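Here's the structure, in structure tokens; my notes come after.
The values are calculated or read from the model by the stated rules, or taken from the named source; none is laboratory data. All figures in this text were calculated on a predicted structure; none of them were measured in a lab. As a convention, Cβ positions derive from the backbone with ideal geometry for all residues, glycine included, and neighbour counts pool all protein chains shown. Surface accessibility is based on the protein's heavy atoms, side chains included, excluding ligands, DNA and RNA. Shrake-Rupley method; radii C 1.70, N 1.55, O 1.52, S 1.80 Å.
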Amino acid sequence: MKRTVGCVVALLIVVGLPAAGIYAVVQWMQRPVHQVAKTLHDYGTLCGGREIPGAPAYQPGSGPHPVVVFESAREDDGSQSRVSLRAGESDDPFNPEDPDQVELVACTEHTDAGEEVATCDFTNESVGMRSATVEITVYEARTGDQVGEAVELVGEDKSCPAMVTFKGDLNLYTIPSESQYLEALKSAVTG
């Protein structure tokens, strides 16, 4: 009997403690990075799947619902870059100034690259820009729940960036124009 109890205790120590440790690490990694957003850039964590529980509640149908938009900055590392819409226009739901007002977060991801549509000239080289299909998905900032259906479109903006930092091969893609973003987000923001 003592031997059986000893084996059970040893088994619990060998299997139970590592399992509990793994569970604790997974729970810690899934927790929100920000309970409350201190800056608009904090909302970028939602595009990585981490909601912000202290964000204002979203109530469908009673717009406007302030939104912050992010696009994938680089495909290989999951970093997000904030998209400025209607810059300089105050009290606009597409350009909230106060992080405490944001109810929605729109995340843009490249889903496909098409043909070369432009060339960007930099100091030491020229780089082709390819047409890109992107998917825009809107989420409730507080819960991370998707709002409406994702919208897929081909980016119209062929503007070359003033500066580019990269590792490996340099790939440039078209991005949605401001009017494309406004049209894609209109129903979620105003409805």
Search result, residues across segment 117-141 that are at pLDDT 95 or above and open to solvent by 60 Å² or more (accessible area, probe 1.4 Å)
Glu135
In segment 149-180, how many are at pLDDT 90 or above, part of a loop (DSSP other than H, G, I, E, B) and under 21 Å from the mean Cα position of the chain (by Cα)?
7
Taking Glu109, is it within 22 Å of Pro60 (Cα to Cα), in contact (Cβ under 8 Å) with a residue 12 or more places away in the chain and either of a type in the set (Gly, Ala, Ser) or surrounded by 12 or more Cβ atoms within 10 Å (Cβ to Cβ) (or both)?
no
Of (1) part of a strand (DSSP E or B); (2) among the charged types (D, E, K, R); (3) in contact with an Asp or Glu (Cβ under 7 Å, 6 or more places away or on another chain), Arg142 satisfies all except one. Which?
(1)
Selection from segment 144-170 of residues that are β-branched (Val, Ile, Thr) and open to solvent by 60 Å² or more (accessible area, probe 1.4 Å):
Val154, Thr165
Are there any pairs, at least 6 apart or on different chains, whose C-beta atoms fall under 9 Å, with the first in segment 118-146 and within 30 Å of Pro56 (Cα to Cα) and the second open to solvent by 60 Å² or more (accessible area, probe 1.4 Å) and among the β-branched types (Val, Ile, Thr), and if so, which?
Val134/Thr111; Val134/Val154; Glu135/Thr111
